[in-house]
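Worksheet: the structure to be examined is printed underneath.
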Amino acid sequence: MQEEDLSEEQIEILSIAIGFESANDYIELIKHQNNLLLELDEDYAILSFNESELFHVVSETIIENNTEFYSSDPCNCNSRYNNCMTGALTNAAILHIGCGVLDLTIIAGIACHTIVTIDHITNERECSFQKDDCKRNCTL
């Protein structure tokens, strides 16, 4: 995607469509996220990780911070849902980090983050559908 592929009006529409008040708000968030990424890289050399290493580190951190036990869930629907959501979040985190390179060309960065956000929302909705199906089909 080249910079001229998106007009300022399209950037504004995309920004509002994913929940921001304006393109400026979205751009400020991207700049803030990039600063946080650089700080993480200074402390942990996160940008040197390959995709597999990054997936492992991010997913383990998410799992450690979101451990829940469901003793009254005989079909493990809630556990499956948590696993699915962890995968969706981990994937989105990795992809957002990948978008960081494109943030230097603001328009490409916005397009990349928008696509990742839409993918993340879609994956989370699929997790919910799978959980509903699991509970509906649970016969234990």
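Rule-based calculations on the coordinates, nothing more; no lab input. Everything quoted here is computed from the prediction, not taken from an experiment. Virtual Cβ from ideal backbone geometry, glycine too; neighbours counted across all protein chains shown.
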What FRET efficiency, computed as 1/(1 + (r/R0)^6) with R0 = 30 Å and r the Cβ-Cβ distance, is obtained for residue 32 and residue 123, rounded to the nearest 0.05? 0.80
May I ask you to compute the full-extension gain from residue 80 to residue 139, defined as 0.36 nm times their residue separation minus their alpha-carbon distance, rounded to one decimal in nm? 19.6 nm
Quick one: what are the phi-derived ³J(HN,Hα) couplings along region 40-53, Karplus 6.51/-1.76/1.60 with θ = phi - 60°, whole Hz, x for glycine and proline? 4, 5, 4, 7, 10, 6, 4, 6, 8, 6, 7, 4, 5, 5
